[in-house]
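The values are calculated or read from the model by the stated rules, or taken from the named source; none is laboratory data. A quick note: this is a predicted structure, and the numbers were derived from the prediction, not measured. Glycine gets a Cβ as well: all are built from the backbone with ideal geometry, and neighbour counts include every protein chain shown.
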């Protein structure tokens with residue numbers, strides 16, 4: 001089954017391009033460290049998922065590029081074509097000239113309806129090229145106007161046009177200290193609207209990735225390109241082919257569906273966080289060795305202590321005692337910052353992953369009580385190494401990972417809303433105070449639901 | 001997207017002239033192959049002149065003949081004629097000019113009511129023609145001074161007109177405010193009458209004060225003369241210089257000061273024209289920096305003022321650039337944003353600067369700045385890959401800050417000095433359409449604006465109580 005990617009706005013297009021790059025470079029790399037046959041299966045599965053065969057020498061990404069100004073798309077198309085390994089379809093893009101002005105209302109209420117037909121036609125064309133459509137993957141930032149506003153509108157259209165397809169929104173959380181002044185408004189409006197149409201939101205926070213670039217990748221002058229490449233690596237580590245069943249003979253063909261099934265049992269809980277280890281500068285890789293137990297131990301502690309990366313993990317945090325009726329995060333004596341999960345997915349890539357002990361992830365004390373612990377945890381694996389890492393482990397988690405960031409964004413937006421600052425910029429394009437209030441209410445509901453897990 | 005500048009009046013056209021010259025210089029430095037591209041099309045049309053005269057527009061391919069997208073308006077012929085006879089003559093044609101002979105006599109009413117009425121149709125027609133050639137018109141720029149008659153009066157008339165005819169296109173105004181020692185006695189009247197129009201019809205105003213431009217020019221001269229700069233300064237990097245421009249041969253007296261304003265406009269539009277990792281368009285500036293409709297006055301600062309000829313720029317110097325942007329002597333009006341209250345701040349960086357440099361400096365400078373309680377992290381940032389000519393990097397800071405208040409208060413005081421004595425009022429009141437109420441409404445509008453800034457200032461440093469959040473029934 002194939003995934004159609006929709007890249008929205010500057011951020012969405014810049015990241016999308018890095019994702020296809022990462023996937024391609026992984027497939028063409030010589031570090032698969034597995035049998036030729038395995039490599040070929042992997043290659044084929046990846047191709048079917050992300051690329052189509054067209055009358056061109058190189059595979060063509062299954063993607064639609066959308067932006068309200070032309071510079072980024074034009075750059076993205078030309079850089080991709082120059083790589084020589086893959087390209088975008090020359091016609092699979094739509095752009096305008098004037099941009100959305102960081103205005104969610106402009107993106108959602110003006111550009112959305114105005115360009116709906118053209119955009120959905122492009123999506124339809126890509127969908128039709130797929131033998132079997134596995135769903136949609138949209139990439140957008142919440143901070144600006146196009147990715148956020150137009151992105152929310154397009155997601156709604158996707159849901160209307162493809163009611164039974166899976167839709168996964170990849171959402172970029174902006175830096176806390178402003179890229180855009182009205183980013184919190186745009187974020188609140190985006191999240192509340194996406195929640196209604198999409199199946200799940202997979203989130204990356206710029207602040208977190210930035211830290212990874214600084215502390216783990218040891219990059220001195222960090223650019224957005226560096227940040228986007230780490231994000232692309234992490235996404236690749238989730239979406240490249242895996243075996244989802246123990247002893248499976250074929251690479252899974254329905255990644256989005258499998259993801260939703262394992263991680264989103266209830267529509268109230270759609271916020272997914274992503275962790276990937278190890279991360280280090282490329283030139284350190286030859287000197288490093290990893291053991292699965294070590295990686296699993298770190299990943300599990302990152303989960304329960306809500307650590308954003310593998311350095312600075314709080315090892316003091318422990319799961320609550322089984323049988324206690326009150327989760328330890330509510331304990332007044334000692335705040336344990338324990339991260340309660342609804343469901344978790346671990347993905348292992350590299351040799352000898354067959355006998356890795358994942359029992360620590362199946363511990364019922366990690367989870368809320370409403371799912372059978374057997375169902376709350378899943379593992380996908382492949383012996384094929386990913387992107388030059390001899391072993392790598394990823395965690396996709398539906399847990400309280402994003403509770404604090406969400407609460408922060410809503411708090412800041414509410415603070416600004418109380419003063420009514422900038423509201424006139426939104427009402428100008430048809431988003432009224434009541435619409436804001438609806439969005440705030442919806443998100444407070446989500447916050448409340450995740451808090452009482 | 002296209003930005004369309006209107007130069008109105010003597011000052012406006014002198015600045016405009018520098019702007020077009022430096023714009024050509026900037027694009028020539030980047031566009032080595034002579035291809036007419038998207039970034040050039042923001043300011044210039046490409047005309048096919050092979051068959052002589054004005055041919056059709058060429059949208060792609062090699063540059064044939066570049067024509068500025070602009071309207072030059074003056075009620076005196078001197079400055080505009082000079083432009084048309086000078087090195088920039090090929091860049092304009094007569095269809096873009098609206099001139100008269102006798103000037104506005106430093107009288108806002110003559111500019112606004114008399115000439116406004118007289119030239120309205122002419123202006124609308126030329127405006128429509130110019131707009132027709134634009135694929136996507138995003139923004140109008142009005143460049144003018146506040147103290148005289150044409151720039152001030154006719155300039156604000158054009159502002160009104162733009163709102164009527166093209167309500168969806170953003171209106172940015174670069175206004176040169178008169179100083180206390182201005183030799184035009186009635187400049188306070190002209191300025192306050194114009195302020196009312198700016199309050200009501202502009203999306204964003206970038207006030208400029210001659211004193212600040214003058215101080216910057218002096219500072220540069222002193223540095224060069226005193227030899228403090230050590231190794232040579234790159235001539236074409238000076239924010240005041242025309243060096244390296246393709247057209248100009250001889251520098252004129254106000255050129256240095258006007259070049260600063262021209263550079264301001266180039267930097268402001270750079271991210272809309274050139275690519276970068278975090279684009280910042282003009283509509284984004286308006287969106288992020290104007291939290292309430294009338295509070296749309298933005299204090300600007302440009303750094304660096306020059307570059308030394310040595311190539312290696314360690315991080316420390318980069319950080320110095322950020323510090324300078326907030327220092328009093330880099331502001332283009334006599335104001336000190338550091339000691340007043342920020343409503344919002346934008347940083348547009350050009351050149352080899354990455355997001356980590358930006359963040360490091362924001363973290364470093366934040367503690368010394370006061371932001372309004374509902375916008376504690378009120379930063380809008382942009383990264384444009386293409387630096388200005390002669391520089392490896394540069395920074396434009398735009399602040400919506402209460403430090404504009406003193407400028408407005410002084411203006412009000414100077415106005416009241418004249419108005420109380422009814423000095424020179426008759427020159428205005430005898431113009432058709434002018435009444436005493438025009439004056440009282442104008443000063444009232446200015447007073448209200450000052451009061452809004454006062455209210456904000458009163459909140460500075462006060463206790464901060466965040467509003468309680470919505471409660472959800474579980």
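Select, from A:178, A:135, A:107, A:147, the only residue that is within 14 Å of chain B (Cβ to nearest Cβ) and either modelled with pLDDT under 95 or on the phi > 0 side of the Ramachandran plot (or both).
On inspection, the qualifying residue turns out to be A:178.
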Counted residues, the range B:22-58 - those being touching a strand residue (DSSP E or B) at 6+ places or on another chain (Cβ under 9 Å) and touching a residue at least 24 places away in the same chain (Cβ under 8 Å): 13
Can you list the helices (runs of 4 or more DSSP H) lying wholly within the range A:182-282 that have 1 or more residues being under 17 Å from residue A:308 (Cα atoms) and within 14 Å of chain B (Cβ to nearest Cβ)? A:206-211, A:224-239
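Regarding the range B:414-427, can at least one residue be identified that is over 30 Å from residue B:157 (Cα atoms), in contact (Cβ under 8 Å) with a residue 60 or more places away in the chain and either away from chain A (no Cβ under 14 Å) or out of contact with any helix residue (DSSP H, G or I) (no Cβ under 8 Å at 6 or more places or on another chain) (or both)? Explain how you work it out, then say what you get.
Narrowing the range B:414-427 to residues over 30 Å from residue B:157 (Cα atoms): none.
Checked against the condition, which is being over 30 Å from residue B:157 (Cα atoms), in contact (Cβ under 8 Å) with a residue 60 or more places away in the chain and either away from chain A (no Cβ under 14 Å) or out of contact with any helix residue (DSSP H, G or I) (no Cβ under 8 Å at 6 or more places or on another chain) (or both), the range B:414-427 yields no hits at all.
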Would you mention how many residues in the range A:31-90 are assigned to a helix (DSSP H, G or I), crowded, with 20+ Cβ neighbours inside 10 Å and more than 14 Å from chain B (Cβ to nearest Cβ)? 7
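Matching residues to (1) in a strand (DSSP E or B); (2) at positive phi; (3) surrounded by fewer than 16 Cβ atoms within 10 Å (Cβ to Cβ):
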site: B:26; (1), (2), (3): no, no, no
site: B:32; (1), (2), (3): no, no, yes
site: B:50; (1), (2), (3): no, no, yes
site: B:66; (1), (2), (3): yes, no, no
Tell me, please, whether a residue that is in contact with a helix residue (DSSP H, G or I) (Cβ under 9 Å, 6 or more places away or on another chain), surrounded by fewer than 21 Cβ atoms within 10 Å (Cβ to Cβ), free of Cβ contacts under 8 Å to residues at least 12 places away in the same chain and over 30 Å from residue A:69 (Cα atoms) can be found in the range B:89-98. yes
Inspect all residues belonging to the range B:378-397 and state whether any of them is touching a residue at least 60 places away in the same chain (Cβ under 8 Å) and more than 28 Å from residue A:72 (Cα to Cα). no
Please tell me if residue B:446 is assigned to a helix (DSSP H, G or I), within 14 Å of another protein chain (Cβ to nearest Cβ), surrounded by 17 or more Cβ atoms within 10 Å (Cβ to Cβ) and under 28 Å from the mean Cα position of the chain (by Cα). no
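Evaluate the following for residue B:83: is it at pLDDT below 90, surrounded by 13 or more Cβ atoms within 10 Å (Cβ to Cβ) and farther than 30 Å from residue B:11 by Cα? Give the derivation first.
Values: at pLDDT below 90: yes; surrounded by 13 or more Cβ atoms within 10 Å (Cβ to Cβ): yes; farther than 30 Å from residue B:11 by Cα: no.
No; evaluated as a whole, the condition is false for this residue.
To keep it simple, each residue is scored yes or no on (1) within 7 Å of another protein chain (Cβ to nearest Cβ); (2) more than 30 Å from residue A:378 (Cβ to Cβ); (3) surrounded by fewer than 22 Cβ atoms within 10 Å (Cβ to Cβ).
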position: A:404; (1), (2), (3): no, no, yes
position: A:413; (1), (2), (3): no, yes, no
position: A:421; (1), (2), (3): yes, yes, no
position: A:425; (1), (2), (3): yes, yes, no
position: A:431; (1), (2), (3): no, yes, no
position: A:439; (1), (2), (3): no, yes, no
position: A:448; (1), (2), (3): yes, no, yes
Hits in the range A:28-43 (condition: in contact (Cβ under 8 Å) with a residue 60 or more places away in the chain and closer than 21 Å to residue A:130 by Cβ): A:41, A:42
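Residue under question is residue B:324, and the condition is that it be buried (at least 19 other Cβ atoms within 10 Å of the Cβ) and in contact with a strand residue (DSSP E or B) (Cβ under 9 Å, 6 or more places away or on another chain); does it hold? Before you say what the answer is, go through the steps one by one.
Numbers: buried (at least 19 other Cβ atoms within 10 Å of the Cβ): no; in contact with a strand residue (DSSP E or B) (Cβ under 9 Å, 6 or more places away or on another chain): yes.
So residue B:324 fails the test.
Within the range B:336-384, which residues are in a loop (DSSP other than H, G, I, E, B), more than 9 Å from chain A (Cβ to nearest Cβ) and either under 13 Å from residue A:178 (Cα atoms) or in contact with a helix residue (DSSP H, G or I) (Cβ under 6 Å, 6 or more places away or on another chain) (or both)?
Step one: list which residues in the range B:336-384 are in a loop (DSSP other than H, G, I, E, B), which gives B:336, B:340, B:352-354, B:369, B:372, B:376-378.
Retained after the next criterion (residues that are more than 9 Å from chain A (Cβ to nearest Cβ)): B:336, B:340, B:369.
Those that are in a loop (DSSP other than H, G, I, E, B), more than 9 Å from chain A (Cβ to nearest Cβ) and either under 13 Å from residue A:178 (Cα atoms) or in contact with a helix residue (DSSP H, G or I) (Cβ under 6 Å, 6 or more places away or on another chain) (or both): B:336, B:340.
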The number of residues in the range B:285-308 that are within 14 Å of another protein chain (Cβ to nearest Cβ) and touching a strand residue (DSSP E or B) at 6+ places or on another chain (Cβ under 7 Å) is 9
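Looking at residue A:270, is it in contact (Cβ under 8 Å) with a residue 24 or more places away in the chain and in contact with a strand residue (DSSP E or B) (Cβ under 8 Å, 6 or more places away or on another chain)? Can you show your working first?
Numbers: in contact (Cβ under 8 Å) with a residue 24 or more places away in the chain: yes; in contact with a strand residue (DSSP E or B) (Cβ under 8 Å, 6 or more places away or on another chain): yes.
For residue A:270, the condition - in contact (Cβ under 8 Å) with a residue 24 or more places away in the chain and in contact with a strand residue (DSSP E or B) (Cβ under 8 Å, 6 or more places away or on another chain) - is met.
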